[in-house]
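As structure tokens, the structure follows; a few thoughts come after it.
The values are calculated or read from the model by the stated rules, or taken from the named source; none is laboratory data. Just so it is clear, the structure is predicted and the values come from calculations on it, not from any experiment. As a convention, Cβ positions derive from the backbone with ideal geometry for all residues, glycine included, and neighbour counts pool all protein chains shown. Note: accessible area is taken over every heavy atom of the protein model, side chains too, but ligands, DNA and RNA are not part of it. Shrake-Rupley method; radii C 1.70, N 1.55, O 1.52, S 1.80 Å.
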Amino acid sequence: MEKLIYLDSGATTFPKPEEVYVAMDHFFRNYGVNPGRSGYDLCIEAGSVLEETRKLLTQFFNGTDPNRLIFAYNATDALNLAIFGLLKEGDHAITSNIEHNSVLRPLYHLYKYGGVEVDHVPFDSKGFVDPDEFARRFKKNTKLVAINHSSNVIGTLQPVREIGELCRERGIIVLVDTAQSAGKIPIDMEEMNADVVAFTGHKSLMGPMGIGGLYVREGVEIRHTRAGGTGVRSAVRIHLDEYPYRLEYGTPNLPGIAGMNAGVKWVLKQGMSKIHEHEMKLLHMLRDGLREIDGVTLYCQDNLDNHVGILTFNVEGLEAGDTGTMLDVDYNIATRTGLHCAPLVHKQLGTDKIHGSVRFGIGPFNTQEDIESAIRAVGDIARIRQKQKAL
Ligand SMILES: Cc1ncc(COP(=O)(O)O)c(C=O)c1O
């Protein structure tokens, strides 16, 4: 069997750096106990990984208080905590057509069942939202703007800082989904005018699945929408108000936290700009190669200036799923096809009518040879399709 060419890093990065496997194994074998307030040494060691990772990620996002760094199970969980905890009946929220279902669905749920109004800002032909389009939708009751930093379908980086600036003037809370950007693009909450940042561990932070979180800026209060064990002040009947307990419930995913800790340290050691540069060099190669192929349509890839290493395409006359299957079965290339949990992106591109598109997600371990193979494979598939059409 030929070597797998993994071009599905938009879904999750794979493999992980060796340091991540080692850290998880070491932690779980040696300190795999439940942290909290017990005084035995092992418990204190386990708790110190938790606290050290809070500090590491607080610094990573340029936050100020590690207690406001909340661990959740993934970006979806973190975004749910924020959206349900920030909005109440009568509020208005603005989001965009770029969003992943982890933002769209909680908001839709609140629209349908919770008396919350929601507006969606479209993106332009290049794949970017216009900050003024948000401002045009501001109302007296606008409480929240939820915006994706980087699209998981077309890879465009959104003008979050400008949107944040407009929101700051009006006291509107800005929630940023950094699932596709954290670990590739520096995220400075202050600079970005972000109030709440949601992240996931298993993509470009190079950690495992099942771990993610939020950073909540001082002055922003998210209601607890769940309740349970905190390991401290067990006699208090209502869930604790102070951070991080306010938004954390039950036993945390400590092996996941240890893995994410090692992943973030690996990213910092390599240098985020070096990782991003590498992925963008490969993206340019891929884009330039694919656009020479007859019958291949690329979406929002003309200007790669504000972009991450994600590329979406279709082969004329083929369903995205069929192209993906051919890449998998005939060329051993892993991609992701369909709507990518971002139905409004596809609706706006018109690709919802052809069951979505094929997505290449470039990661730090991809090579020039991977990209050359991908271009050759798509070229073969497109030529076969053109020949069939001519018959
Ligand atoms: C932009 C974006 N937001 C949120 C998510 C959800 O991330 P998770 O799977 O960690 O919940 C993803 C995952 O693909 C994503 O691409």
Would you call Glu2 over 30 Å from Ser357 (Cα atoms), open to solvent by 40 Å² or more (accessible area, probe 1.4 Å) and more than 16 Å from the ligand (Cβ to nearest atom)?
no
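Would you be able to say whether some residue in the stretch 54-74 is open to solvent by 60 Å² or more (accessible area, probe 1.4 Å), within 16 Å of the ligand (Cβ to nearest atom) and more than 30 Å from Phe138 (Cα to Cα)?
yes
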List, please: which pairs have Cβ atoms under 6 Å, are six or more places apart or on different chains, and start with a residue in the stretch 167-184 that is over 13 Å from Ala146 (Cα atoms) and end with one that is more than 10 Å from the ligand (Cβ to nearest atom) and open to solvent by 10 Å² or more (accessible area, probe 1.4 Å)?
Arg168/Asn193; Arg170/Phe138; Gly183/Ser204; Lys184/Ser204; Lys184/His276
Which numbered condition in (1) without any contact (Cβ under 8 Å) to a residue 60 or more places away in the chain; (2) under 27 Å from Arg105 (Cβ atoms); (3) touching a Leu at 6+ places or on another chain (Cβ under 7 Å); (4) of a type outside the set (Phe, Trp, Tyr) is the only one that His346 fails?
(1)
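Restricting the search to the stretch 79-97, which residues are surrounded by 22 or more Cβ atoms within 10 Å (Cβ to Cβ) and more than 8 Å from the ligand (Cβ to nearest atom)? Please lay out each step first, then the result.
First, pick out the residues of the stretch 79-97 that are surrounded by 22 or more Cβ atoms within 10 Å (Cβ to Cβ): 79, 81-83, 86-87, 93-96.
Across the stretch 79-97, the qualifying residues are Leu81, Ala82, Ile83, Leu86, Leu87, Ala93, Ile94, Thr95, Ser96.
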Given the residues Tyr40, Tyr6, Tyr31, which is the only one that is farther than 19 Å from Ile310 by Cα, among the hydroxyl-bearing types (Ser, Thr, Tyr) and touching a residue at least 12 places away in the same chain (Cβ under 8 Å)?
Tyr31
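Considering only the stretch 109-221, give the strands (runs of 3 or more DSSP E) lying wholly within it that have at least 3 residues that are within 16 Å of the ligand (Cβ to nearest atom) and modelled with pLDDT of 95 or more.
Values: elements: 117-121, 142-148, 173-177, 196-200, 212-216.
Correct list: 142-148, 173-177, 196-200, 212-216.
I'd like the full set of residues that are hydrophobic (A, V, I, L, M, F, W, C), farther than 30 Å from Glu51 by Cβ and in contact with a Lys or Arg (Cβ under 9 Å, 6 or more places away or on another chain), limited to the stretch 62-109.
Narrowing the stretch 62-109 to residues hydrophobic (A, V, I, L, M, F, W, C): 69-72, 75, 78-79, 81-84, 86-87, 93-94, 98, 103-104, 107.
Add one more test, that the residue is farther than 30 Å from Glu51 by Cβ, and what stays is 87, 93-94, 98, 104, 107.
Correct list: Leu87, Ala93, Ile94.
Residues checked against (1) at pLDDT below 95; (2) more than 16 Å from the ligand (Cβ to nearest atom); (3) surrounded by fewer than 18 Cβ atoms within 10 Å (Cβ to Cβ):
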residue	(1), (2), (3)
His278	no, yes, no
Leu290	no, yes, no
Gly309	no, no, no
Val315	no, yes, no
Thr325	no, yes, yes
Leu339	no, no, no
His346	no, no, no
Lys353	yes, yes, yes
Val358	no, no, no
